[in-house]
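Chemist: Before I ask anything, here is the structure I am working with.
We did not get these values from a lab; they are worked out from the coordinates using the rules stated. Bear in mind that the values here come from a model prediction, so they are computed numbers and not experimental data. All Cβ positions, glycine included, derive from the backbone under ideal geometry; neighbour counts span all protein chains shown.
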Amino acid sequence: MGWLLPYYDWIKALHVMAVIAWMAGLFYLPRLFVYHAEQAKVGSDVDKTFRVMEQKLLRLIMNPSMIVAWVCGGLMVGMGGLDFGAVWGWAKLGAVMAMTAAHMWMAGRRREFAEGRNTRSGRTYRMANEVPTVLMVIAVIAVIVKPF
């Protein structure tokens, strides 16, 4: 991966931009689910509007930005950008893996809404809305502060 070293800063910049877009989606999609669960009857115009919004957010913003974040992050790891000899490197990786799991959970809930099968309350989605925030705090502190 040495041939990529001159591009490290560009890869990191692209990684940061992708993470910002991904996190925006991880923050917003559960909020859409709250309103969808609480205010839209299955088959109504409001339900159809939420379905379109949720699908576009996931497919056009969240999925591509997650992929770019993972690819750029993987490239940076390959260039020595993450220290697995220290706890902070593992904490960052764990937080990112948990964010990916949260993303996949949300994708499953979007599918349920699309099929008219949502059984969860707005409260569930309000709680789910906090998960990406906690994971982001862990990842950022691990990488920037490196407290452990």
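Chemist: Mean residue ellipticity at 222 nm from the helices of the chain, using -39,500 (n - 2.57) per DSSP H segment of n ≥ 4 over the full residue count, to the nearest 500 deg cm²/dmol?
Modeler: After summing the helix terms and dividing by the residues of the chain, the value is -25000 deg cm²/dmol.
Chemist: Listing Phe113, Phe148 from the residue with the fewest other Cβ atoms within 10 Å to the one with the most, what is the order?
Modeler: Arranged by neighbour count, lowest to highest, Phe113, Phe148 become Phe148, Phe113.
Chemist: Net charge around Pro30, counting only other residues with Cβ within less than 11 Å of its Cβ (Lys, Arg = +1; Asp, Glu = -1)?
Modeler: +3
Chemist: Okay, next question. Can you give me the three principal axis dimensions of segment 23-101 from its C-alpha atoms, in Å, biggest first?
Modeler: Principal axes ranked by extent give 53, 21, 15 Å for the Cα atoms.
Chemist: Moving on to the next point. What is the count of Lys pairs in the chain whose alpha carbons sit under 27 Å apart, if the two are 8 or more places apart or on different chains?
Modeler: Lysine pairs satisfying the spacing and distance rule in the chain number 6.
Chemist: Using Cα springs under 10 Å in a Gaussian network model of the chain, which residue among Pro30, Pro132, Pro64 shows the largest mean-square fluctuation?
Modeler: In the Gaussian network model the winner is Pro64.
Chemist: Can you list the residues, at least 5 places off or on another chain, whose amide H is less than 5 Å from the amide H of Asp83, using H built in the peptide plane?
Modeler: Long-range HN contacts for Asp83: Gly89.
Chemist: Tell me the net charge near Lys92. Cut-off is 12 Å between Cβ atoms, Lys92 excluded, with +1 for each Lys or Arg and -1 for each Asp or Glu.
Modeler: 0
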